[in-house]
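To keep things clear, I will list the structure first and then write my remarks on it.
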Amino acid sequence: MSPELSLLERVQQENPDRQLLAVHHADFAPYGRVLGGLSAAEALASAQQMITFPEQGVQYLRSVAELERLPLRGELESQVFGGMPIQLGWCIGTNQVLNALEFHKSSEVIIAGSPVVLVLGHRHDIRDNRYALEQAACFYLPAGTAVELYAECLHFAPIGAAAGPFLTLIALPAGTNAPLEGQSTPPLPAGDQGAGASDEQQLLWQCNKWLLAQPGSPQAEQGAHVGLTGSQVRIQPVGSL
């Protein structure tokens, strides 16, 4: 393969059936924006020193105290979240498929420590608690780049663009993705919540987290609402950087 090809071009060659656009492309604008002027490099370096990658799968920690003591937290609170208190953690591991899509009623910041692909959609395209995956878009997020995903943008765990584990930092309003009050087990499947449950309530999975699962996914097996239709999104990574 030609060394002159960019990593995005190489990932696109590995996945000819999917359109991959960089987050700097104009088509990303309805989903979010690229952020600058942040102390992201310091936070990523700190995370690299602390992280032990899982042997398989993905690990998400919504709040990591060591990261939250760094200047990045204050920068995000003032520049992105309008003074609201936030949590800063990480999402790391190995992942090549989309198992679910979620939305929050707030922005989310993702900072890439390695190149990843984000599979994104719009909440307003959900119909009867179902979302057709052919409407989803795939965006390439280069290492060292930070993006804000707007409230109600459908998203889930990043997919690694290169072989090996990925690293991303995740910032959200404090309490997001925490268990619901009084909840010791996963929420009941939508059909078991009773006739009084609203369509949106049937998707509520954790605090400020509404989720639609892929059939047969770990989330579906845990009781999440199965709401994704169409072929599962799978991204083949490039072999080396």
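Per-residue answers, yes or no, for (1) over 17 Å from Val80 (Cβ atoms); (2) buried (at least 18 other Cβ atoms within 10 Å of the Cβ); (3) among the basic types (Lys, Arg):
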| position | (1), (2), (3) |
| --- | --- |
| Asn129 | yes, no, no |
| Glu134 | yes, no, no |
| Cys138 | yes, yes, no |
| Val147 | no, yes, no |
| Leu154 | yes, yes, no |
| Ala163 | yes, no, no |
| Phe166 | yes, yes, no |
| Leu169 | no, yes, no |
Tally, over segment 116-166, of residues that are of a type in the set (S, T, N, Q) and closer than 14 Å to Gly227 by Cα: 2
Test: residue in segment 91-100 that is without any contact (Cβ under 8 Å) to a residue 24 or more places away in the chain and closer than 29 Å to Thr229 by Cβ: no
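With respect to Ala43, determine if the residue is in contact with a Leu (Cβ under 6 Å, 6 or more places away or on another chain) and of a type outside the set (D, E, K, R).
Working: in contact with a Leu (Cβ under 6 Å, 6 or more places away or on another chain): yes; of a type outside the set (D, E, K, R): yes.
Considered against the rule, which asks whether it is in contact with a Leu (Cβ under 6 Å, 6 or more places away or on another chain) and of a type outside the set (D, E, K, R), Ala43 comes out as yes.
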Any hit, segment 210-225, residues being closer than 30 Å to Gln13 by Cβ, at pLDDT 95 or above, surrounded by 14 or more Cβ atoms within 10 Å (Cβ to Cβ) and hydrophobic (A, V, I, L, M, F, W, C): no
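What strands (runs of 3 or more DSSP E) completely inside segment 58-103 contain at least 1 residues that are modelled with pLDDT of 95 or more, within 19 Å of Gln206 (Cβ to Cβ) and out of contact with any helix residue (DSSP H, G or I) (no Cβ under 9 Å at 6 or more places or on another chain)?
On the way: elements: 58-61, 86-93, 100-103.
Where strands (runs of 3 or more DSSP E) fall fully within segment 58-103 and carry at least 1 residues being modelled with pLDDT of 95 or more, within 19 Å of Gln206 (Cβ to Cβ) and out of contact with any helix residue (DSSP H, G or I) (no Cβ under 9 Å at 6 or more places or on another chain), they are 58-61, 86-93.
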Residue identified as part of a loop (DSSP other than H, G, I, E, B), loosely packed, with under 15 Cβ neighbours inside 10 Å and touching a residue at least 40 places away in the same chain (Cβ under 8 Å) among Pro16, Pro30: Pro30
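Go through segment 198-219 and count every residue that is on the phi < 0 side of the Ramachandran plot and touching a residue at least 40 places away in the same chain (Cβ under 8 Å).
Qualifying residue count for the region: 13.
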Segment 107-124 residues that are over 17 Å from Leu8 (Cβ atoms) and without any contact (Cβ under 8 Å) to a residue 40 or more places away in the chain, paired with ones that are of a type in the set (A, V, I, L, M, F, W, C) and outside any strand (DSSP E or B) (beta carbon under 7 Å, 6 or more apart): Gly121/Ala136
Inter-residue pairs, beta-carbon under 8 Å, first over 20 Å from Ile86 (Cα atoms) and in segment 46-64, second among the small types (Gly, Ala, Ser), 6+ apart: Gln48/Gly113; Phe53/Gly93; Pro54/Gly93; Gln56/Gly93; Gly57/Gly93; Val58/Gly93; Val58/Ala157
Among residues of segment 75-102, those that are farther than 20 Å from Trp210 by Cα, hydrophobic (A, V, I, L, M, F, W, C) and in contact with a Phe, Trp or Tyr (Cβ under 8 Å, 6 or more places away or on another chain), counted: 1
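Of all the residues that make up segment 91-109, how many are touching an Asp or Glu at 6+ places or on another chain (Cβ under 8 Å) and either under 17 Å from Tyr140 (Cβ atoms) or of a type in the set (Phe, Trp, Tyr) (or both)? If you could, list the steps in order and put the result at the bottom.
The first filter runs over segment 91-109 and keeps only residues touching an Asp or Glu at 6+ places or on another chain (Cβ under 8 Å), leaving 103-105, 107-109.
Filter again for either under 17 Å from Tyr140 (Cβ atoms) or of a type in the set (Phe, Trp, Tyr) (or both), leaving 103.
Total satisfying the criteria: 1.
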Checklist (1) out of contact with any Cys (no Cβ under 9 Å at 6 or more places or on another chain); (2) closer than 15 Å to Ile235 by Cα applied to Leu20, failing item: (1)
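Within segment 79-90, does at least one residue satisfy the condition of being surrounded by 13 or more Cβ atoms within 10 Å (Cβ to Cβ), touching a residue at least 12 places away in the same chain (Cβ under 8 Å), under 30 Å from Gln236 (Cα atoms) and not aromatic (Phe, Trp, Tyr)?
yes
The values are calculated or read from the model by the stated rules, or taken from the named source; none is laboratory data. Just so you know, these numbers come straight off a predicted model, no measurement behind them. Quick reminder, even Gly has a Cβ in these numbers, built from the backbone with ideal geometry, and neighbours come from all protein chains shown.
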